[in-house]
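Asks: Here it is, the structure in full.
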Amino acid sequence: MQVAIRHGQKVHMVQAEPQDRIKALMSLAEQLTGVLVRKQKLVFKGKVLAEDKTLEEAKVKEGSTLMLIAAASQMTQGQEAAREAAIQNFQASQSRAAARTPTIAAAWQDRAKTWAKTGVVSVRDSGLTELPAEALSVSAPVRVLDASNNCLQQLPMAASSLAGQLIRLAASHNQLDHGQLPGLATFIHLKVLLLDHNRFQHNPAELASLTALEHLSLSNNKLETFGGQCLSNLGKLQRLELQNNALRTLPAECSNLISLQELNASCNQLQGLPDSMAALTCLRTLLLDTNRLQTVPKEVMAGCSNLTLLSLHNNPLTADQLRQAEGFAALDGRRQLRIGKQLDMRVLVASDGFTEGADPQDS
């Protein structure tokens, strides 16, 4: 039979049998809405349905409509701070966008004199659909190019004229995708590449040429895949930001990121982690909140010998399950050592509760 599950403004139609239990229906709802089973309440005719009952016992019939109510997720202190910062950044960006006025050629020429003196080319918040010629022909070596908060749809090949000494490229908040960066491969000295808040569905293949890269941000895109041969050449990468995408897996090639210290892959659709991540012996921080993870490989918890911060909030995996997982003792020992040092130095931030990095069963 077919029943409807209403969640907010959306109605999802699902196939079920009268003998199916409510919990099985909740599992289907999780796949459709992303709301974890333990955070769901299914309401029918004004009553919350018990998980162990069958649809027949609950008098759910062909064409019935059930209401899905999601319990509010309790944010950690860090998540709340990040959320507030994101809101403030968005509001500031909107304010700047409202105040944008076209920049005339004479003004670019005046700016070019400053760029030549400082080695920093900044054209951010200018409403640009393409980089001005003056930004691509600075008379002195350029170390930084900031083209954030514009409407760029491509990074032209002419940008390679800046490649000689460029160490930081910021192109956040534009309309770029993986097929529009023909000049990127020439930036062989680049250490920081910020491409967050664009339209990438796949990582740029040109990353393979950026062997000096230390910080890469591809957060808040539409990434469905990440990795490939390019990761073999990113041995100096220390910080990788992939949060707020649509990733279902992390590639086994992540093991090539031997200098990686921080990985943020929160707010994706990850269902598992590759065992090969155990090779990341420099990794200290692993943020995986709001995914579909039900376990963490023992190889990762034990093998990542410097990992002290593992965050798994809003995943199917609970704190009790994490504590019982093989390899947790090694991780917990390092974590306790870190917290002890923070207490000794009196820098431990107060929080509402102490967890192992995952939600309790009843959250």
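Asks: So which of R21, R38 ends up being surrounded by 15 or more Cβ atoms within 10 Å (Cβ to Cβ), more than 28 Å from S266 (Cβ to Cβ) and not aliphatic (A, V, I, L, M)?
Replies: The match here is R21.
Asks: OK, next. Specify which of the listed residues (V138, V121) is out of contact with any Lys or Arg (no Cβ under 6 Å at 6 or more places or on another chain), at pLDDT 85 or above and assigned to a loop (DSSP other than H, G, I, E, B).
Replies: Exactly one of V138, V121 is out of contact with any Lys or Arg (no Cβ under 6 Å at 6 or more places or on another chain), at pLDDT 85 or above and assigned to a loop (DSSP other than H, G, I, E, B), namely V138.
Asks: What is the one condition in (1) basic (K, R); (2) within 27 Å of D125 (Cα to Cα); (3) within 17 Å of the chain's Cα centre (by Cα) that R248 does not satisfy?
Replies: (2)
Asks: Next up: Of all the residues that make up region 182-201, how many are more than 16 Å from R168 (Cβ to Cβ) and surrounded by fewer than 17 Cβ atoms within 10 Å (Cβ to Cβ)?
Replies: Going through region 182-201 one residue at a time, the tally reaches 4.
Asks: Shifting gears a bit: Q294 fails exactly one of the following numbered conditions: (1) surrounded by fewer than 16 Cβ atoms within 10 Å (Cβ to Cβ); (2) modelled with pLDDT under 85. What is the number of that condition?
Replies: Result: Q294 fails condition (2) only.
Asks: Residue by residue through region 137-161, note down the ones that are crowded, with 18+ Cβ neighbours inside 10 Å and more than 23 Å from F200 (Cα to Cα).
Replies: Passing the criteria: V138, V142.
The values are calculated or read from the model by the stated rules, or taken from the named source; none is laboratory data. Worth saying up front: this structure is predicted, and the values here are computed from it rather than measured. All Cβ positions, glycine included, derive from the backbone under ideal geometry; neighbour counts span all protein chains shown.
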